[in-house]
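Here's the structure we're looking at; comments come further down.
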Amino acid sequence: MKKAMKAAVVAAGITMLMGSVNMTEAVASKATNKSAQAAKSSAADKKAVEAVKAELSKKFALKNPGDLYILYVRDKALNGGSEFMYYMNMFQFKSYEDYLNQAGKLKGPTIKKPDDLPEGYQFVKGNIQPPIVANKDKYEKEVKSEAKGKAAYFKKIEWKEIGEINLEFANGKDNIQMQVSHKIDKDAASNGYRYIKSDKVDAKTAKKIPDMVRNMLTWSDQDYVYNITTNPGNPLTKEEMIKLAKTAVKK
């Protein structure tokens with residue numbers, strides 16, 4: 001009797017052992033299949049991303065002024081770790097009249113040649129950029145929604161509101177740069193003008209961003225930041241820059 005029970009226990013143990021082996025093999029097989037499927041999916045995504053990027057590159061290569069595209073990629077690893085990528089051809093101008101013509105078609109405040117611009121200063125260049133800062137979340141939500149189920153997708157964004165404007169006027173070695181841009185964080189308007197002389201720019205910033213070493217006058221309203229800057233050594237005083245600021249914005 002004892003021998004029979006012992007044999008039964010051994011048989012059960014063997015059955016359990018065999019069962020464990022079978023379960024392990026099943027789990028391993030399932031994991032292998034899952035890994036293979038993931039690899040296959042990843043390869044398919046990579047191919048799709050490459051195709052979409054190639055198509056987008058062709059469109060972007062046309063370099064149409066004002067073009068803005070947003071690329072969405074489901075697998076961030078296939079896009080340098082980013083879910084979205086922006087492609088932008090800003091409006092660029094060598095003529096002040098051309099700038100005024102384009103600026104007049106867009107919503108939002110623009111900047112213009114101040115009434116008291118010192119004699120001798122001439123327009124050098126300018127650009128208008130889309131309102132990415134103000135609409136980033138909206139744009140990305142829209143593109144991702146349209147891309148549902150796709151490994152990659154891009155959309156051309158039509159924009160009718162200024163995001164940033166930069167103008168430059170020069171007189172020999174001296175220049176005046178003017179800018180308006182969307183605030184990153186909305187808050188109350190600034191209390192008057194803030195002026196920083198070029199020699200007061202901290203050394204760390206000056207070393208990292210040499211172009212920041214300028215005499216700068218800044219002010220803001222609830223949605224936009226404005227500034228007028230001059231090169232170090234420019235004879236324009238703080239008071240004269242404030243006078244320019246008073247007629248530099250058109251709303």
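Summary table below
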{"item": "Residue tally, condition basic (Lys, Arg) and part of a loop (DSSP other than H, G, I, E, B), over region 118-148", "result": "1"}
{"item": "Positions within region 224-251 being surrounded by 14 or more Cβ atoms within 10 Å (Cβ to Cβ) and not in a helix (DSSP H, G or I), in sequence order", "result": "224, 225, 226, 227, 228, 229, 230, 231, 234, 236, 248, 249"}
{"item": "Qualifying residues in region 182-205 (those that are small (Gly, Ala, Ser) and either in contact with a helix residue (DSSP H, G or I) (Cβ under 7 Å, 6 or more places away or on another chain) or closer than 20 Å to residue 164 by Cβ (or both)) - the one modelled with the lowest pLDDT", "result": "189"}
{"item": "Residue match in region 98-117 (condition: in a strand (DSSP E or B), crowded, with 20+ Cβ neighbours inside 10 Å and in contact with a strand residue (DSSP E or B) (Cβ under 8 Å, 6 or more places away or on another chain))", "result": "yes"}
{"item": "Residue 58 vs. criteria in a helix (DSSP H, G or I) and exposed (fewer than 11 other Cβ atoms within 10 Å of the Cβ)", "result": "yes"}
{"item": "Output for region 209-227, where each listed residue is touching a residue at least 24 places away in the same chain (Cβ under 8 Å) and either under 24 Å from the mean Cα position of the chain (by Cα) or farther than 14 Å from residue 196 by Cβ (or both)", "result": "218, 219, 220, 221, 222, 223, 224, 225, 226, 227"}
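The values are calculated or read from the model by the stated rules, or taken from the named source; none is laboratory data. This one's a predicted model, so the numbers in the text were calculated from it and none came from an experiment. All Cβ positions, glycine included, derive from the backbone under ideal geometry; neighbour counts span all protein chains shown.
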